[in-house]
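To start, the structure itself, in structure tokens.
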């Protein structure tokens, strides 16, 4: 599987062409192509719709996907998949859900300043977990897009999650429960983030941010 994926992720762009769709169908079957086409349709939504509607549609779309651990799926302890890897192979873990939602909302015009990939401790599971946080304004309480609880909820309603740190394309923050947290550096310090960005390169070599 990993050998096949190598070409796939180098070829990835956020708006898909027939070459990429045909490759997906050949390697992963018609169902994989159908999922990719539906994602492409999602990214072509009217940009004028409200951000609330964008959040809901993106959250609902990806939460239909199956959860599968990295060990089972990729034979690796921790692997961050691109959205196209996630959809083509029909599964991923919490990081993959959050990353797919993040990149799709960015494509739909939601500012990077409003989005954070947030590591939390899931108390009931007693393990690390990732969600996507949305801040309507810098002072707003974030809304959480999660694959455990499929409803979009305010952070104060998710007492089962304890924030640890968050990041986006521009920075890295030590998290606070209902605030943006303290900026401690660049997200480039996170090696798996820089790795997935490199694999999100289009055919023209332009990095998608």
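In summary, residue 37 fulfils each of the numbered conditions (1) in contact with a helix residue (DSSP H, G or I) (Cβ under 7 Å, 6 or more places away or on another chain); (2) surrounded by 15 or more Cβ atoms within 10 Å (Cβ to Cβ); (3) in contact (Cβ under 8 Å) with a residue 40 or more places away in the chain with the single exception of condition (3). Checking 141, 177 one by one, the residue that is modelled with pLDDT under 90, in a loop (DSSP other than H, G, I, E, B), touching a strand residue (DSSP E or B) at 6+ places or on another chain (Cβ under 8 Å) and farther than 17 Å from residue 99 by Cα is 177 and no other.
Under the condition of being free of Cβ contacts under 8 Å to residues at least 40 places away in the same chain, more than 12 Å from residue 165 (Cβ to Cβ) and surrounded by 13 or more Cβ atoms within 10 Å (Cβ to Cβ), the residues counted in region 115-130 number 3.
Consider region 89-113 and keep the residues that are free of Cβ contacts under 8 Å to residues at least 40 places away in the same chain and surrounded by fewer than 20 Cβ atoms within 10 Å (Cβ to Cβ). The one that is nearest to residue 148 (Cα to Cα) is 91. Here residue 151 meets the list (1) part of a loop (DSSP other than H, G, I, E, B); (2) in contact with a helix residue (DSSP H, G or I) (Cβ under 7 Å, 6 or more places away or on another chain); (3) at pLDDT 95 or above almost entirely, failing just condition (2). Those helices (runs of 4 or more DSSP H) of region 11-67 in which at least 3 residues are over 26 Å from residue 148 (Cβ atoms), considering only elements entirely within it, cover 18-28, 30-43.
In region 147-164, the qualifying residues are those that are under 13 Å from residue 129 (Cβ atoms) and within 16 Å of the chain's Cα centre (by Cα), and the one that is surrounded by the most Cβ atoms within 10 Å (Cβ to Cβ) is 147.
The values are calculated or read from the model by the stated rules, or taken from the named source; none is laboratory data. Since the model is a prediction, treat every value here as computed from it, not as a measurement. Cβ sites come from the backbone with ideal geometry, for glycine too, and all protein chains shown count toward neighbours.
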